Structure formats: C-alpha cells, structure tokens
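Beneath this line is the structure, given in structure tokens, with notes to follow.
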Amino acid sequence: MKVKEICEKLGLDVHVQGDLDKEVHQGVVGDLLSFIMRTAPEGAVWVTIQNHVNVAAVAVLKDIPFIVLASEREPLQELIDSCRKENITLTSSKQDAFNLCGRLYELGIKD
Amino acid sequence: MSEPLVLELEVKPLDFLAAGETATQFKETLKSLGLPPEICRRAAIVVYEAEMNIVIHGGGGVMRLQVEEDKVTIMAEDEGPGIEDLELAMQEGYSSAPDFIREMGFGAGMGLPNIKRNANELYIDTAPGKGTKLRAVIYLNKGR
Ligand SMILES: Nc1ncnc2c1ncn2[C@@H]1O[C@H](COP(=O)(O)OP(=O)(O)O)[C@@H](O)[C@H]1O
Ligand SMILES: [Mg+2]
C-alpha cells in the first residue's frame, strides 16, 4: 500500500511529505533505537513515541521511508528538518502505538 | 581499487543533534562505491552503534572507515573512561547509560552485541582510564 493511502486511512497528521507514492508492505514498532537498528526491515513504516532528531538518523540508516509518532507527539523542529532533508515522510497521530499497529495490520501491513 | 579508501571523521561527545551523522556519511560512501546493499546495511549498524558509544560513553573521539578490495574495516577510538569489564559490557542488555539517555531510546545495551552480530571480526582494546579502541571487519565475500 502507498504511503499516502496509509496516511489517509489512518487519519495521520502529515508533517513532512517524503515519497508519498512509495509502497510499504512491512512495519516495525519500538522506542529502543538499537532494537530498531537490529530488527527493522528495509522500506518499513516505523511506529514510535521517540520524538527527537536521532529517529531520523536511524530511519536513514535502515532505509525507513515512513515514520509515525504515536500518542500525540508533536514532532520537534529538528526532527522535521531532518526528515525533510532526507525525504522521509513524518506523521503523527493521537492514537497509541498499539492501536496504530492494529490498524496497519488490518490494512495488510504485516511482519 | 588498489589503494584502500580511508575516511576519517571526528565524533563529538553528547552531541545528540549530530549523532548518527558519521554513520550516515560512511553509509553514503559505501553505497557510492557500489558495495552490495547487504554489506552497506551491516556496516551502517556497526558504525552507528560505535558512533553512539563514543557520543554517550566515550567522551568524543574519532571514527575511521577503510575500504579494501575484500573488506570494510570500521575503527572507533576515544580517550574516554574505558570499559572496566568487557565481558559484562558485551552482554545483551547491559548498559551503564544514565536515565536521561535511556529515555531517548539509547542505552538498550544492544550496541556492542549489534556490532558483534554484523561484523565478521571484532577487536576491542580498552582499559579503565585509557580509552577504547574498537575495530570491526566485514568481509565482502562472507555472510554474517
Ligand atoms: N566507547 C566506550 N567507552 C566507555 N564505555 C563504553 C564504550 N562503549 C561501550 N561502553 C560500555 O559498554 C556498555 C555496553 O555498551 P552497548 O552494548 O553499546 O550498550 P549501550 O550503549 O546501550 O549502553 C555501555 O553501557 C558502557 O558501559
Ligand atoms: Mg551503545
């Protein structure tokens, strides 16, 4: 499913538009950066409550094109700037990580 | 590629805004040399974790990337406090990181284990008060 379709279906607030036509099939959830470094599949959507610039660094290193900040995190300016520079779609939601992942799963984003 | 390519970057202590930049630059370099994506991904993990250790624990230092025909070598050197018990530090989950760093998602105690999993060879030379020298080698023609 395309990044923009996921944004629409989940009602995400989009702060940075990366490649909205990119197809995403997998996801990863977590707030421990080393855990994401170890487990994130390439091209995945990443659901996290971490809201700082290193989130963008990890996304770049893991080829993650799409970040969802859960539980009403308003992204910090540095994170926004960094995602813009790296062409990463940065979004946020009022929903918590559990619910976001459930809805992603329903949309067919599995593993 | 007969002469090895060497890239050296300084890593500042506790500079979280810049943290990850070395890893990003090294990965870009490896990609532009046309190395296999799998090698780039493994090297990125090694560099990132070594860089974060210099930022968080090492009090700043230097990172070096060396690319030769058959291997990629990543070196991280600092003159920080050193590691007292290396066997303990290598254990999954062990971390001496303070709370404010853990709250940012660092300090999971998975850094050195992540490096070990992704490198074919890992050498760490460290002693209390003497700093830490880490060298990780990834061979292009071997798997993990
Ligand atoms: N460069 C370093 N200088 C001093 N201590 C270090 C260094 N790298 C690692 N350590 C020690 O080893 C521990 C484990 O490192 P690591 O596995 O990367 O986990 P983390 O960085 O999450 O704490 C650290 O908590 C720290 O005590
Ligand atoms: Mg570490």
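The values are calculated or read from the model by the stated rules, or taken from the named source; none is laboratory data. Quick caveat, the model's predicted, so the values are computed rather than measured. Every residue, glycine as well, gets a Cβ built from its backbone with ideal geometry; the counts of neighbours run over all protein chains shown. What goes into the accessible areas is simple: the full protein's heavy atoms, side chains included, and nothing from ligands, DNA or RNA. Shrake-Rupley method; radii C 1.70, N 1.55, O 1.52, S 1.80 Å.
The table that follows gives values for the structure above.
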{"read-out": "Cα-based equivalent ellipsoid, chain B: semi-axes from gyration tensor eigenvalues, Å", "value": "25, 16, 14"}
{"read-out": "Total accessible area lost when A and B pair, probe 1.4 Å, Å² to nearest 100", "value": "1800"}
{"read-out": "Shielding by partners, peptide A:45-58 (average Cβ within 10 angstrom, other chains)", "value": "4"}
{"read-out": "Sequence-separation-based contact order of the range B:5-139, relative, with Cα cut under 8 Å and 6+ spacing, percent", "value": "27"}
{"read-out": "Helix-only mean residue ellipticity at 222 nm for chain A, each DSSP H run of n ≥ 4 adding -39500 (n - 2.57), per residue, nearest 500", "value": "-10500 deg cm²/dmol"}
{"read-out": "Chain A pair-distance distribution - Cα-Cα, 5 Å bins, rounded %", "value": "2, 14, 28, 29, 22, 5, 0"}
{"read-out": "Dipole moment magnitude, nearest 20 debye, the protein assembly as shown about Cα centre, only Lys, Arg, Asp, Glu C-beta charged", "value": "540"}
{"read-out": "Dipole magnitude of the range A:3-106 about its Cα centre (Cβ charges: Lys, Arg +1; Asp, Glu -1), debye to nearest 20", "value": "140"}
{"read-out": "Of the DSSP H helices in chain B, those whose Cα atoms cover at least 24 Å axially and whose Kyte score averages -1.0 or more", "value": "B:37-56"}
{"read-out": "The protein assembly as shown: Rg to Rh, with Rh as the Kirkwood radius over Cα pairs", "value": "0.98"}
{"read-out": "All aspartates and glutamates inside 12 Å of residue B:130 as judged from Cα atoms, apart from same-chain residues fewer than 8 positions distant", "value": "B:77, B:78, B:79, B:84"}
{"read-out": "Per-residue [θ]222 nm for chain B (sum of -39500 (n - 2.57) over DSSP H runs n ≥ 4, rounded to 500)", "value": "-10000 deg cm²/dmol"}
{"read-out": "Over 24 Å between alpha carbons, listed pairs A:4/A:110; A:2/B:31; A:85/B:71; A:9/A:94", "value": "A:2/B:31; A:85/B:71"}
